[in-house]
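**Q** I have a structure here, written as structure tokens, and I will follow up with some questions on it.
The values are calculated or read from the model by the stated rules, or taken from the named source; none is laboratory data. Remember, it's a predicted structure, so these values are computed and weren't measured experimentally. As a convention, Cβ positions derive from the backbone with ideal geometry for all residues, glycine included, and neighbour counts pool all protein chains shown.
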Amino acid sequence: MVALPIVNDSREEVACTPIPVEAAYFNRQAVLPHGVDVEHVRAAMVDFTHFLGVINRQLHGEGIERLESILMPANFSSMVGEFGISALARHAPTIAKNRYHNGHPDIIPKGLYPNDAIQYAHEGIEVKASRYLKGWQGHNAEASWLMVFVFDSNRPADASNGVAPRPFSYLLVAGAQLVAEDWSVAPRGAGSRRTATASVKPSGYEKMMANWIYKVPAVGSVQQILDLQESAS
């Protein structure tokens, strides 16, 4: 096997190990529903960084790029979110992953529905993961308790664009109960193949940021985080 040049970079080896989740960065006053608490969120985040580090170090040892440099950005974000759903359900005894295929929401109160499966319900937590700190998106403008994991990582195009390797890191976790009016919908245009998307409006963003769960203080306000992301792109 011929290793790609980026894999031989010492910075690539360092980037295989995610930035640790810091207990001091959590908001212990954050309010979460259905028996979930901040410690459950912390444990789920630690599980993911451990998982990603194990996988990436093994890949690096085989001369293969890191997972975030292989997967399409949307697919990697989906993996971060799906892992978070499973890990939260594993750590919090009062909730379960919704076993209904594409059921809403992602997490439901344990034992409330037969086999912990329901196509649509109001009770529960919808989970998203995103590289962006605003404009969080979903497929439907629905009332739900939304939790978003915001992270920073490389993308597949970074190596060819001269962007240096950097470790995965969580920047922010926020969540709140949103109503349908907290979403805006962008319908599919004529001739477009993309699905209609719903985005969190400023009203919903403000609710979520008022109940932030995890925030990296080194970058301060959300605007500072956005500025850093823009300068790195």
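**Q** Looking only at the range 23-35, count how many residues are in a loop (DSSP other than H, G, I, E, B) and in contact (Cβ under 8 Å) with a residue 40 or more places away in the chain.
**A** So the count comes out to 7.
**Q** For the range 14-24, name all the residues that are farther than 22 Å from PRO93 by Cβ, surrounded by fewer than 19 Cβ atoms within 10 Å (Cβ to Cβ), out of contact with any Ser or Thr (no Cβ under 6 Å at 6 or more places or on another chain) and not acidic (Asp, Glu).
**A** VAL14, THR17, PRO20, ALA24, listed by residue number.
**Q** Out of all the residues in the range 178-196, which are buried (at least 17 other Cβ atoms within 10 Å of the Cβ) and either of a type outside the set (Asp, Glu) or modelled with pLDDT under 85 (or both)?
**A** Residues satisfying the conditions are LEU178, TRP183.
**Q** Just wondering, is there one or more residues in the range 36-53 that are among the hydroxyl-bearing types (Ser, Thr, Tyr), exposed (fewer than 15 other Cβ atoms within 10 Å of the Cβ) and assigned to a helix (DSSP H, G or I)?
**A** no
**Q** Is it the case, given these coordinates, that PRO73 is closer than 20 Å to ARG42 by Cβ, surrounded by fewer than 19 Cβ atoms within 10 Å (Cβ to Cβ) and not basic (Lys, Arg)?
**A** Answer is no for this residue.
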